[in-house]
1. Per 0.36 nm of contour for each residue apart, how much would the distance between L76 and T141 grow if the chain were fully extended, relative to their Cα-Cα spacing?
2. Can you give me the distance in nm between label points at I121 and N149, each placed 7 Å from the Cα along the Cα-to-Cβ direction?
3. Show me, for the stretch 117-128, the HN-Hα J-couplings you get by feeding each phi into the Karplus relation (A = 6.51, B = -1.76, C = 1.60, θ = phi - 60°), rounded to Hz, glycine and proline as x.
4. What length, rounded to one decimal in nm, is gained on full extension from F172 through to E98, with 0.36 nm per residue of separation minus their alpha-carbon distance?
5. Taking the Cβ-Cβ separation of A201 and N106 as r and a Förster radius of 22 Å, what is the calculated FRET efficiency to the nearest 0.05?
6. Give me a comma-separated list of calculated 3J(HN,Hα) values for the stretch 139-151, in order, Karplus coefficients 6.51, -1.76, 1.60 applied at θ = phi - 60°, integers in Hz, x for any Gly or Pro.
7. Around T192, which amide H atoms from residues at least 5 apart in sequence, or from another chain, sit under 5 Å from its own amide H, with H modelled in the peptide plane?
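What follows draws every value from the coordinates through simple rules; no lab data is involved. This one's a predicted model, so the numbers in the text were calculated from it and none came from an experiment. All Cβ positions, even for glycine, are placed from backbone atoms using ideal geometry, and neighbour counts span all protein chains on display.
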Amino acid sequence: MTSAYIRGVETKNFNHPQKQPDMKSFQIVVICLLAFTGLTAQSEETLFNKTNLNLSGAWGSAAYNFASFNGDDWTLIRGGYGGIELGRDLFIGWGGYETRDKFAVNDSDPSYNFSYHGPVIGIAPNSVKMIHPRFTFITGTGKVTNTENNQNDRMFVFQPSAGFEFNVFQWFRLGFEGGYRFVGSSDKFDLTSGDLSAPFAQVEMRFGLSWGD
């Protein structure tokens, strides 16, 4: 009787195995999570996938601007810059300018030469249009030189400008800008910031090439 009972229990246990995990349900959950993650990544915009900062050109320029240091006579300042273009609308480069002729702040003062150089940032919205606006900023170090004894003094310079640019050819652009040159004072020559700072008008010729959209 006991042996028959034991055999019955063993037979019952073998006829009802333990339940295994449902692998199909697990696979469905994993696939759904991966699909949701992919959709989220495609719809999310970040700083770098939204902003076009691809290299799109290289340009150099020759610029001529006219300013008055004493409120009377106009002085020609010539120079230029070169650099790269990013996303068709942003320019980053390096430039420098210097006075063509010596100037005097007051009639009784000695004459000076003035030069400055530094990094240049240009912004030209809709640069693919034949006529488009342009904003240029240059900041750096300026130098005033006394032409009588060749002594010089250095100061800070910041020059913002705004204007319009014409796409004459694919490789040539002509710009007209106006702005104000902020120049620090020179204690060595007893020149104030107001003596050296001045509004200016500028004609600019740019040579180079742009590519891409």
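1. 21.5 nm
2. The modelled label-to-label distance comes out at 3.9 nm.
3. Each residue of the stretch 117-128 in turn: 7, x, x, 10, 10, x, 10, 10, x, 6, 5, 6 Hz.
4. Details: separation 74, 0.36 × 74 = 26.64 nm, distance 2.35 nm.
Full extension of this stretch gives 24.3 nm more.
5. The formula returns an efficiency of 0.40 here.
6. 9, x, 10, x, 9, 9, 10, 6, 6, 7, 10, 6, 6
7. Amide H to amide H, under 5 Å and 5 or more residues apart or across chains, T192 pairs with S186.
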